[in-house]
Structures are given as C-alpha cells and as structure tokens.
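Peer 1: Let me give you the structure first, and then I'll get to my questions.
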Amino acid sequence: MTVPNSPSPPTRPAGRASTGSALPEGREDDTCAVCIRFSASQRPRLCRPEPDRCGDGRPIWTERPLLLRRADGTFYLMGTSAHLDGLARWILSFAGDAEVESPPALRDRVRTSALEVLDQYDGDSEGTGPTWLRRDRR
C-alpha cells in the first residue's frame with residue numbers, strides 16, 4: 001500500500017484505558033500506540049517475519065502491527081505495544097534506519113539506550129578516543 005503523507009499514530013484499541021488505570025490484577029495498563037518510520041533500505045528486512053517476542057518471552061506487540069509503504073519508499077510501522085523496552089531493543093537493531101515517531105516514552109528509551117552504547121565505545125577517560133565520538137550529548 002502506498003501512503004502519500006505521514007500517517008498519524010494509531011489510536012488505542014477499544015476497551016483500553018488511555019490514562020493507565022489499574023487492571024483487576026493491580027497492574028498498570030501500559031499499552032500504547034506506536035509509530036516507527038523506516039528508511040527504504042530496510043524493505044527486505046521489513047518484508048520478512050521478525051521475532052514477535054523478546055528474550056524474556058513477552059510479546060513485543062499487543063496486536064499485529066500495520067506496515068505501510070509511502071510513495072518515497074519509506075515505511076511506517078504502526079501498532080500497539082505494552083513492552084517498550086523490548087521494542088526499543090528491536091528498533092536499535094536497525095541502527096539509523098529507524099526512527100520512533102511516537103510515543104515519546106519509546107523515543108526516550110531508544111535514545112537512552114543508544115547513548116549507553118555510545119558511552120561504552122567513547123574512548124578512555126583522558127579524552128584520547130576518536131573525536132567524532134566526543135560531543136555534548138545533553
């Protein structure tokens with residue numbers, strides 16, 4: 001399907017509280033709408049099955065996500081997830097070819113994880129590491 005304009009994120013499924021109200025078991029409903037933009041170069045990977053569960057066995061998606069291809073070749077993946085940590089790890093596996101459009105909480109998790117990886121490879125404490133890695137990241 002070709003989509004001419006950037007889609008808006010999907011709405012919550014019916015029956016889900018958008019305020020995070022408590023569930024009968026006392027757990028918080030943290031299911032949220034997700035929209036991720038992928039570069040055109042990721043078409044082969046997006047068109048094959050990806051893991052639907054994380055290492056801890058929890059499902060990444062609440063429902064099967066929708067993949068849309070835009071006229072410029074980029075892709076949008078839209079769905080709902082209650083496992084943002086697992087989804088963030090999956091998004092990081094695309095390196096710079098994926099960008100979280102929403103929700104802000106997922107975008108923050110991806111950013112924080114990417115900075116942790118950068119810090120791991122940022123050279124030694126005396127600042128003799130590669131200069132392209134040293135920059136103000138605040």
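The values are calculated or read from the model by the stated rules, or taken from the named source; none is laboratory data. Only a predicted model underlies this, so the values are computations on that prediction, with no experimental measurement involved. A quick note on method: Cβ atoms are made from the backbone with ideal geometry, for glycine too, and the neighbour counts reach across all protein chains shown. These area figures cover heavy atoms from the full protein model, side chains too; ligands, DNA and RNA do not enter into them. Shrake-Rupley method; radii C 1.70, N 1.55, O 1.52, S 1.80 Å.
Peer 1: If we only count strands (runs of 3 or more DSSP E) wholly inside the stretch 29-96, which ones have 1 or more residues that are open to solvent by 40 Å² or more (accessible area, probe 1.4 Å) and not acidic (Asp, Glu)?
Peer 2: Those strands (runs of 3 or more DSSP E) span 32-38, 66-70.
Peer 1: Find all pairs meeting these conditions: Cβ atoms under 6 angstrom apart; at least six residues apart or on different chains; first residue within the stretch 56-77 and touching a residue at least 12 places away in the same chain (Cβ under 8 Å) and within 20 Å of Pro44 (Cα to Cα); second residue part of a loop (DSSP other than H, G, I, E, B) and open to solvent by less than 40 Å² (accessible area, probe 1.4 Å).
Peer 2: Filtered contacts from the stretch 56-77: Tyr76/Pro7; Leu77/Pro65.
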